[in-house]
Every structure is written in C-alpha cells, then in structure tokens.
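Notes for the one structure printed next.
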C-alpha cells in the first residue's frame with residue numbers, strides 16, 4: 001500500500017509545508033493513504049508545563065478532576081464574581097493571557113487546560129462535549145464555587161452555551177465568540193472524522209484548518225502559528241490525537257440551534273467579520289436570533305481567534321457586558337467597533 005511507503009509527517013515537514021503551498025496541496029493527496037495505516041503518535045506522558053513553547057505569566061496550579069490531572073490558573077480578588085474562561089479546541093491557558101489582566105480586576109478569573117489538551121494529562125479515552133462540561137463543573141466543585149460567569153471562543157464558546165443549558169442554576173452571564181456547533185448537525189461528516197482519526201491525519205488536517213484561525217492582515221499571524229505548532233510538538237501523544245478527533249467529531253455531530261431557544265441567560269455574542277470558516281457569520285447571526293436574551297458585537301477586520309488578534313477590545317467588551325445592569329442586557333441590535 002502507498003501508506004507503507006510514506007514516512008510519518010514530522011514537525012520539519014510541517015514547517016516546509018507552511019512555506020510552500022504546493023506541498024500543502026500534495027499533502028491532501030497523501031492523506032487518504034496515510035490515514036488507512038497511519039503512524040502512531042509519539043509515546044510518553046509529555047511535559048506538565050511549557051518548555052520551549054510560550055508559557056503563561058500567571059501562577060500555574062494542578063488538580064485531579066474526574067480521571068485526569070488538570071492545569072489551571074486562578075487570578076483576581078477572592079470574593080469577587082467568578083469568571084471561567086474556556087479555551088478553544090486543542091488550545092490551552094495561554095490563549096487567554098491577553099484577557100486575564102483586564103478581566104481579573106473585577107472578577108476571579110479561572111482558566112484551565114482540559115484533559116487531552118494543553119499541559120493537562122492526556123488519557124486515552126473517549127472525548128466528548130459532555131465530558132468537558134463535567135470537567136468545568138468538577139473544577140468549580142473542587143474550589144467550592146457555586147456560581148460563575150462563563151466566556152470562551154470556538155470550542156470554548158460552544159461549551160459556554162451548552163453548560164448554561166445543562167446546568168442553568170450554576171451559571172450567570174455568558175460570553176461566547178465564534179462558537180463551535182453554530183451550524184446544522186452533520187453526523188456523516190462526524191463519522192468520517194472518527195474513521196480517519198490518526199496522528200498522520202492530524203498534521204495535514206490541522207495545517208489546513210490553521211489557515212482560517214487568523215486574518216491574513218493580522219501582524220502577529222506567523223508568530224502565533226509558530227507558537228501553536230511548537231506547543232503541539234511538545235504535547236503530541238496518543239491521547240492528544242484522540243482528543244482532537246473526538247472533540248472535532250462531537251462538535252460537528254451536534255448543533256447549538258435546537259438548544260439556543262431554551263437558554264434564558266443573558267448572552268453576549270462576538271464575531272470577527274473576516275471569520276468565514278464553516279459559514280461562521282451566518283451561524284452566529286442565527287444564534288443571535290434564537291437566543292431569547294442576546295446581543296451581538298461584530299469586530300471588523302478580525303478573524304476567528306479574537307483573543308489573540310484583538311485581546312484588548314475583546315476584554316473591554318466582555319468586562320462591560322458583565323458589569324452592565326440586567327435591564328440593559330439582551331438587546332437584539334448588532335454593534336460594530338468604531
């Protein structure tokens with residue numbers, strides 16, 4: 001078979017591929033052969049803290065939650081309202097380093113690495129949205145926190161809305177930008193993703209996916225991509241690969257649209273107007289219509305990763321939303337940055 005003659009995709013190959021679009025196109029032709037047999041992900045438990053990859057400046061802590069060790073940070077005044085920031089798919093605490101200083105002035109801010117991602121433990125298990133929801137609740141229980149605000153982008157935004165729907169009494173205001181599952185469910189695509197799950201498939205797929213993370217005009221785009229792929233190289237393991245495909249498939253297989261009308265919380269939605277992957281603009285607009293108490297803010301010139309591209313503006317909007325009187329929340333008009 002062709003796959004037997006093709007070497008595993010290595011970080012050096014990925015670097016060359018990012019610089020050569022033709023190599024990326026060739027990768028697509030190799031995927032079908034690679035995923036049939038595949039190459040195993042590097043073995044080992046991996047580091048518990050960033051080594052060469054950029055590390056958060058905030059104090060890192062560890063806690064055992066459910067079946068895994070989880071890394072988290074806990075910043076801001078004790079006794080202040082609690083805000084949990086939920087990272088995106090395959091992301092980590094460091095995604096929100098630009099948000100924490102502003103948001104922790106008036107809130108106790110928690111950010112965690114989920115099992116399978118970041119520098120948390122990566123058990124070889126099934127990864128689902130429900131499992132990640134349970135992890136968030138377990139962290140709050142561990143810290144003896146009864147209620148919290150929630151905020152997050154992409155997978156994080158998806159979980160923000162799902163958590164509020166599943167545990168309405170535990171959560172207050174919700175901020176979600178470019179949430180995953182803002183689309184119709186596609187079970188056949190999800191089944192295909194589970195069928196091709198492998199280390200060999202991860203490399204070319206995530207390279208293609210990464211082209212949609214940041215707008216091409218974002219000055220820090222190359223540095224952000226290099227930091228992300230450097231982090232992947234540090235934490236790559238069989239558990240990380242299972243997490244990637246499991247969480248991707250579960251998001252594709254489920255839609256937020258049926259849940260949205262039942263979420264009575266005050267919701268702030270964000271979207272960058274250069275973020276068109278998976279028809280995100282239309283999906284966010286539909287969520288805005290379906291959620292009973294929501295408002296939508298559009299960031300012009302920004303892509304999918306708002307916390308990296310426009311952290312100051314994003315933090316300002318979230319902070320203002322959380323501080324607003326209840327009567328002023330939930331308007332249906334869309335806003336734009338001046």
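Could you list all residues from the stretch 311-330 that are at pLDDT 95 or above and in contact with a helix residue (DSSP H, G or I) (Cβ under 9 Å, 6 or more places away or on another chain)?
Scanning the stretch 311-330 gives 311, 312, 313, 314, 315, 316, 318, 319, 322.
Output the number of residues of the stretch 313-327 satisfying the condition of being closer than 16 Å to residue 293 by Cα, surrounded by 15 or more Cβ atoms within 10 Å (Cβ to Cβ) and out of contact with any strand residue (DSSP E or B) (no Cβ under 8 Å at 6 or more places or on another chain).
Summing the residues that are closer than 16 Å to residue 293 by Cα, surrounded by 15 or more Cβ atoms within 10 Å (Cβ to Cβ) and out of contact with any strand residue (DSSP E or B) (no Cβ under 8 Å at 6 or more places or on another chain) in the stretch 313-327 gives 1.
For the stretch 134-151, which residues satisfy the criterion of being surrounded by fewer than 17 Cβ atoms within 10 Å (Cβ to Cβ) and under 17 Å from residue 247 (Cβ atoms)?
Correct list: 134 only.
Take the conditions touching a residue at least 60 places away in the same chain (Cβ under 8 Å), in contact with a helix residue (DSSP H, G or I) (Cβ under 7 Å, 6 or more places away or on another chain) and within 20 Å of residue 294 (Cβ to Cβ) and apply them to residue 253. Does it pass?
Criteria not met by residue 253.
Can you tell me which residue within the stretch 256-266, out of those that are touching a residue at least 24 places away in the same chain (Cβ under 8 Å) and surrounded by fewer than 21 Cβ atoms within 10 Å (Cβ to Cβ), is farthest from residue 171 (Cα to Cα)?
Among residues in the stretch 256-266 that are touching a residue at least 24 places away in the same chain (Cβ under 8 Å) and surrounded by fewer than 21 Cβ atoms within 10 Å (Cβ to Cβ), the one farthest from residue 171 (Cα to Cα) is 257.
Which of the residues belonging to the stretch 216-234 are assigned to a helix (DSSP H, G or I) and either under 16 Å from the mean Cα position of the chain (by Cα) or over 24 Å from residue 42 (Cβ atoms) (or both)?
Answer for the stretch 216-234, where residues must be assigned to a helix (DSSP H, G or I) and either under 16 Å from the mean Cα position of the chain (by Cα) or over 24 Å from residue 42 (Cβ atoms) (or both): 221, 222, 223, 224, 225, 227, 228, 229, 231, 232.
Count, please, the residues in the stretch 167-182 that happen to be surrounded by fewer than 17 Cβ atoms within 10 Å (Cβ to Cβ) and touching a helix residue (DSSP H, G or I) at 6+ places or on another chain (Cβ under 8 Å).
1
Can you spot a residue in the stretch 292-310 that is surrounded by fewer than 18 Cβ atoms within 10 Å (Cβ to Cβ) and at pLDDT below 95?
No: the stretch 292-310 contains no residue that is surrounded by fewer than 18 Cβ atoms within 10 Å (Cβ to Cβ) and at pLDDT below 95.
Among the residues of the stretch 283-310, which ones are within 17 Å of the chain's Cα centre (by Cα) and not in a helix (DSSP H, G or I)?
Of the stretch 283-310, the ones within 17 Å of the chain's Cα centre (by Cα) are 283-284, 302-310.
Residues satisfying the conditions are 302, 303, 304, 305, 310.
Quick check: is even one residue across the stretch 274-282 modelled with pLDDT of 95 or more, assigned to a helix (DSSP H, G or I) and touching a helix residue (DSSP H, G or I) at 6+ places or on another chain (Cβ under 8 Å)?
Checked the stretch 274-282: no residue is modelled with pLDDT of 95 or more, assigned to a helix (DSSP H, G or I) and touching a helix residue (DSSP H, G or I) at 6+ places or on another chain (Cβ under 8 Å).
Test residue 269 against the stated conditions and say whether it is touching a residue at least 60 places away in the same chain (Cβ under 8 Å) and either surrounded by fewer than 21 Cβ atoms within 10 Å (Cβ to Cβ) or in a helix (DSSP H, G or I) (or both).
Values: touching a residue at least 60 places away in the same chain (Cβ under 8 Å): yes; either surrounded by fewer than 21 Cβ atoms within 10 Å (Cβ to Cβ) or in a helix (DSSP H, G or I) (or both): no.
Taking the combined requirement at face value, the residue does not satisfy it.
Just one of (1) more than 15 Å from the chain's Cα centre (by Cα); (2) closer than 30 Å to residue 236 by Cβ; (3) assigned to a loop (DSSP other than H, G, I, E, B) trips up residue 144, so point out which.
Answer for residue 144: the failing condition is (2).
For residues that are within 20 Å of residue 144 (Cβ to Cβ) and surrounded by fewer than 17 Cβ atoms within 10 Å (Cβ to Cβ), tally how many sit in the stretch 38-68. Write out each step before concluding.
Going residue by residue through the stretch 38-68, those that are within 20 Å of residue 144 (Cβ to Cβ) are 59, 61-66.
Restricting the remaining residues to those that are surrounded by fewer than 17 Cβ atoms within 10 Å (Cβ to Cβ) gives 59, 61-64, 66.
Matching residues across the stretch 38-68 total 6.
Please determine whether any residue of the stretch 331-338 is closer than 26 Å to residue 215 by Cα, assigned to a loop (DSSP other than H, G, I, E, B) and at pLDDT 95 or above.
No, that holds for no residue.
Determine, yes or no, whether residue 277 is on the phi < 0 side of the Ramachandran plot, crowded, with 21+ Cβ neighbours inside 10 Å, under 20 Å from the mean Cα position of the chain (by Cα) and in contact (Cβ under 8 Å) with a residue 40 or more places away in the chain.
Spelling it out, it is not the case that residue 277 is on the phi < 0 side of the Ramachandran plot, crowded, with 21+ Cβ neighbours inside 10 Å, under 20 Å from the mean Cα position of the chain (by Cα) and in contact (Cβ under 8 Å) with a residue 40 or more places away in the chain.
The values are calculated or read from the model by the stated rules, or taken from the named source; none is laboratory data. Bear in mind the structure is a predicted one, so any value in this text is a computation, not a measurement. With ideal geometry, Cβ positions are generated from the backbone for all residues, glycine too; neighbour counts draw on all protein chains shown.
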